[in-house]
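Asks: One structure follows; several queries about it will come next.
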Ligand SMILES: *Cc1c(COP(=O)(O)O)cnc(C)c1O
């Protein structure tokens, strides 16, 4: 049975060759790829200053701490109520309080809900482009300007997509991107890399002086081997990975930010070079899913013709049990993932985000999947929904 995997990472010959060259030259931590990556990302995004660090959350922490230094009287950051838990912990690690605001059906922060949450403690609004679907970032830019707040453009899940001709991540005061698994450019598991895009000149000196004290991430050679084993060889290592993880739990993500390591910068450069072709492969898979799932009355809430999505989320009918769907698909060698858990206690989280989070299921979308594979995923999914009487 052919396996249908989640899109953890899509590496080709160049990524392996680049990484092996960095390993062989002994330039694991320090090396020329770091500057090259910053320059190429700057060019690609049309950004004035890009600083490559070890993760998206490090970029968020550095940027938010710098913002807080400029307005020390303010402690709150408005964030989407449906969000990657790493964002919430990054806000907290910067000594700030995340304030959730409602999201709309595309899972992005709603402008009107964000506006309602603005108070005299509000430092910034953090807007994320969930799973790559662009948020109304230009609208938020106007809102932030009008309200005298900072704006963070969290493009962790998307690289190279534009709104009004401007790349996501380059709006507001600073932006971030991430090179963790399942993102657009993948260098490894979380901790492999990310970048801070600094657009506000007032912020730049604060960010630069923080970054100047950082060393490149360490122990990346070991992390590289673990990543290849856990993600790139999953079709062959499933059982072994289970035992590997049991006996060697993943090293916890370092809490102190670091610069990106040369090894990871090297693979990020290769991923940047293959971004366009990987984007086209994803669009093909998306169009195909939209057609097949539509036939069963299932919808992709973030889908729009021609729009890139980093991950493909289906919203199951009310009452459907995500876990039994996942089990059924797993029996057919199809891997899936549920949505993010609501980050606040049940009573405080905005209603739509809370309700929707429980109904999202991420579908397999590895680049190797064909039309026939996608049709099979649709069939199996509709089968389990019918049999559990929810469909
Ligand atoms: C993954 C992610 C981050 C954090 O990136 P890491 O590199 O894993 O630290 C931040 N924001 C969003 C929206 C993300 O999806």
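All of the numbers you see were taken from the coordinates with simple rules; none came from a lab. Remember, it's a predicted structure, so these values are computed and weren't measured experimentally. Neighbour counts run over all protein chains shown; Cβ positions are idealised from the backbone, glycine included.
Asks: Among 229, 11, which comes first, second and so on when ranked by fewest other beta-carbon atoms within 10 Å?
Replies: 229, 11
Asks: Taking the DSSP beta bridges in the stretch 15-166 as the whole, what percent of them are antiparallel, to the nearest 5? Provide the component values of the computation, followed by the final result.
Replies: On the way: 2 of 15 bridges.
Here the antiparallel bridges make up roughly 15 percent for the stretch 15-166.
Asks: Treat the count of other C-beta atoms within 10 Å as a stand-in for reagent exposure and order 174, 224, 284 from fewest to most.
Replies: Values: 174 31, 224 23, 284 15.
By the 10 Å Cβ count, ascending, the order reads 284, 224, 174.
Asks: I've got another one for you. For the pair residue 21/residue 43, report the inter-label distance in nm, with labels modelled 7 Å from Cα in the Cβ direction.
Replies: If labels sit at residue 21 and residue 43, their model points lie 1.5 nm apart.
Asks: Calculate, in nm to one decimal, what residue 304 and residue 35 gain on full extension: separation in residues at 0.36 nm each, minus their alpha carbon distance. Walk me through the numbers on the way to the answer.
Replies: Working: separation 269, 0.36 × 269 = 96.84 nm, distance 3.60 nm.
That pair, residue 304 and residue 35, stretches by 93.2 nm at full extension.
Asks: What is the chain's relative contact order, in percent, from Cα pairs under 8 angstrom and six or more apart in sequence? Mind showing how you got there, number by number?
Replies: Numbers: 767 pairs, mean separation 92.5, N = 391.
Rounded, it is 24 percent for the chain.
Asks: Tell me whether the chain comes out rounded, prolate or oblate; compute the Cα gyration tensor, take square roots of the eigenvalues as a ≥ b ≥ c, and use a/c under 1.5 as the rounded threshold. Intermediate values should be presented prior to the final figure.
Replies: Numbers: a/c = 1.72, a/b = 1.15, b/c = 1.50.
Taking the square roots of the gyration eigenvalues as a ≥ b ≥ c, the chain is oblate.
Asks: Assuming R0 = 51 Å, can you tell me the calculated FRET efficiency for the pair residue 105 and residue 229, based on Cβ-Cβ distance, to the nearest 0.05?
Replies: Values: r = 38 Å, r/R0 = 0.74.
Efficiency, rounded to the nearest 0.05: 0.85.
Asks: Per 0.36 nm of contour for each residue apart, how much would the distance between residue 164 and residue 204 grow if the chain were fully extended, relative to their Cα-Cα spacing? Don't skip to the end; give the middle numbers.
Replies: On the way: separation 40, 0.36 × 40 = 14.40 nm, distance 2.46 nm.
Result: 11.9 nm gained on full extension.
Asks: May I ask you to derive the relative contact order of the stretch 263-391, considering only C-alpha pairs under 8 Å and at least 6 residues apart, and to give it as an integer percent?
Replies: Values: 141 pairs, mean separation 38.9, N = 129.
Relative CO of the stretch 263-391 lands at 30 percent.
Asks: Give the order of 30, 328 when sorted by the count of other beta carbons within 10 angstrom, beginning with the fewest.
Replies: So the ranking, lowest neighbour count to highest, is 30, 328.
Asks: Considering only the chain, what is the antiparallel percent among its DSSP beta bridges, to the nearest 5?
Replies: Details: 20 of 38 bridges.
DSSP beta bridges in the chain are roughly 55 percent antiparallel.
Asks: Relative contact order for the stretch 1-147: what percent, with Cα pairs under 8 Å and sequence separation of 6 or more?
Replies: Details: 147 pairs, mean separation 25.6, N = 147.
In percent, rounded to a whole number, it is 17.
Asks: Cut-off 10 angstrom, C-alpha nodes, Gaussian network model of the chain. Which of 59, 167, 81 fluctuates the most?
Replies: Comparing 59, 167, 81 in the GNM, the peak value goes to 167.
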